[in-house]
Amino acid sequence: MGVFATTDDPESTGHEQVVFCQDKQTGLKAIIGIYSTALGPALGGTRFYPYDSEEAALADVLDLSRGMAYKNALAGLDLGGGKAVIWGDPEQIKSEALLRAYGRFVESLSGRYYTACDVGTYVADMDVIARETRYVTGRSVEHGGAGDSSILTAWGVFQGMRAAAEHVWGVPTLHGKRVGVAGLGKVGRYLVGHLLDDGAEVVATDVNPRALDWARTTHPQVTLLDDVTALVAADIDVYAPCALGGALDDDTVPALRAKVVAGAANNQLAHPGVEKLLADRGILYAPDYVVNAGGVIQVADEIEGFDFDRAKLRATRIYDTTREILRLADSDGVPPAVAADRLAERRMAEIGRLRTIHLR
Ligand SMILES: NC(=O)c1ccc[n+]([C@@H]2O[C@H](COP(=O)([O-])OP(=O)(O)OC[C@H]3O[C@@H](n4cnc5c(N)ncnc54)[C@H](O)[C@@H]3O)[C@@H](O)[C@H]2O)c1
């Protein structure tokens, strides 16, 4: 794999810029990947993770930053795609000095890259990073930020699920449908609320006993199952993976009884080709990066000065985008994941091209 694109190198990743940052005193080792700024400054979170090697950290940042370009394009944002990784165990090395050192590297890119939370980084960390750079979002409400992004993530997933339901059953509602939610964390809990309000029957599972207690106390009508294997095999109409990535693989897809998959988890397809397995079984998969974009819509809104109603309106449009993708998938005869990529690439090309019109 090479970052630099050459005409005869199909393996090149095609990224615009990859920046290695080091501060020996604090132990900071970070890589910032900018895949595309065709639509605007690159936006994507900072993952703080103890990778096995520098190669693994680089591969992850290249992959994640490319994914953000597609996600931001389909979310209708005027933002490109980027991501950063900090290589190390956050439990061991995260400190105010390390985060601020990182913030200075972000600042040095002069706004080509905006950072936010991801695995291993939290709203409080963004507040610290913000002491060194303007180019950070996902801060706490007390520091002028938007706070918890799971509220709009769940709202967006619900909108995408409505569009998928309409495509399969003709009406944009989950009323009367059995929806299986795997993972009752921050997003899963809000999603359960929207589903029950819409008249759906909810079946759920979680590995954390506290999450199950929450469901028993707050929504006693929710049926709780032992584990994800039981949920996948259950008589459900919709499967909503809201826990970890890789939820759809060679074992789960053949066992799945649902007709629709729409959930919050990132990277639900365990490997390329799973989208075809789903399509072959007649299961409609609403691409994860389309339906879970509510969170990035929220942090993007914060860059303008956060307005919850405006951000919610934008997240509601995930319904329209999902509809368009499902229609395109039908008309092009491709799985929705492929149609989503095509639509994102079209927007990056069409809107990105406008910058060639010289202004001054
Ligand atoms: N929070 C956001 O704004 C946001 C935005 C986009 C995507 N996502 C993705 O959505 C997913 C959920 O995010 P979250 O913020 O709710 O995370 P979370 O950590 O709050 O919740 C995840 C839940 O899944 C449960 N879980 C973990 N492994 C499980 C398993 N094997 N079986 C059943 N339950 C299991 C955990 O106990 C936890 O309750 C993640 O994949 C995340 O990357 C979140």
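The values are calculated or read from the model by the stated rules, or taken from the named source; none is laboratory data. Computed from a predicted structure; not experimentally measured. Neighbour counts are summed over all protein chains in view; Cβ atoms, including those assigned to glycine, are modelled from backbone coordinates with ideal geometry. Only protein heavy atoms, including side chains, enter the accessible area calculation; ligands, DNA and RNA are left aside. Shrake-Rupley method; radii C 1.70, N 1.55, O 1.52, S 1.80 Å.
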Check: Given Val238, Leu99, Leu256, which one lies farthest toward the positive end of the charge dipole of the chain, if we put +1 on the Cβ of every Lys and Arg and -1 on the Cβ of every Asp and Glu?
Finding: Leu99
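Mind ranking Phe306, Phe20 by accessible surface for me, highest first, 1.4 Å probe?
On the way: Phe306 60, Phe20 115 Å².
Ranked from most to least accessible, the order is Phe20, Phe306.
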Item checked: Length added when fully stretched, Thr173-Glu54, from 0.36 nm per residue minus Cα-Cα -> 38.2 nm
Notebook entry, point to check: Just from the alpha-carbon atoms, what are the Rg and Dmax of the stretch 205-279 in angstroms?
Noted result: 13.0, 40
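Compute the accessible area per residue over the stretch 1-146, keeping the other protein chains in place, probe 1.4 Å, unit Å². Numbers along the way, then the final one.
On the way: 6630 Å² over 146 residues.
Normalised by residue count, the accessible surface of the stretch 1-146 is 45 Å².
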Check: Simple spin-label model, 7 Å along Cα-to-Cβ: Asp235 to Ser140 in nm?
Finding: 4.9 nm
Checklist line | Residue-by-residue Karplus 3J(HN,Hα) for the stretch 185-197, coefficients 6.51, -1.76, 1.60, Hz, glycine and proline x | finding: x, 4, 6, x, 5, 5, 4, 4, x, 5, 5, 5, 4
Margin query: Nothing charged except the Cβ atoms of Lys and Arg (+1) and of Asp and Glu (-1): what's the magnitude of the dipole of the stretch 129-287 about its Cα centre? Round to the nearest 20 debye.
Written below: 380 debye
Next item on the list: May I ask for the net charge around Thr26, where only other residues with Cβ less than 12 Å from the Cβ of Thr26 are counted and Lys, Arg are +1 while Asp, Glu are -1?
Entry: +3
Check: For the pair Asp280 and Leu354, how long in nm is the line joining their label points, each one 7 Å along Cα→Cβ?
Finding: 4.2 nm
Next item on the list: Under a cut-off of 20 Å between alpha-carbon atoms, report the lysines in cross-link reach of Lys259, not counting same-chain residues fewer than 8 places apart.
Entry: Lys177, Lys276
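Could you give the C-alpha radius of gyration of the stretch 242-326 expressed as a fraction of 2.2 N^0.38 Å, taking N as the number of residues it contains? Before the final figure, lay out each step's value.
Working: Rg = 14.9 Å, N = 85, 2.2 N^0.38 = 11.9 Å.
In units of the globular-protein estimate, the stretch 242-326 measures up at 1.25.
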Margin query: Could you check the spin-label model distance between Leu244 and Asp320? Points 7 Å from the Cα along Cα→Cβ, value in nm.
Written below: 3.8 nm
Check: At a 1.4 Å probe radius, carbon and sulfur cover how many percent of the accessible area of the stretch 81-158?
Finding: 51 percent
Item checked: Debye-sum result for the stretch 159-241 in log10 I(q)/I(0), which assumes one identical scatterer on each alpha carbon, at q = 0.25 Å⁻¹ -> -1.25
Checklist line | Equivalent-ellipsoid semi-axes of the chain, from the Cα gyration tensor, Å, largest first | finding: 33, 24, 20
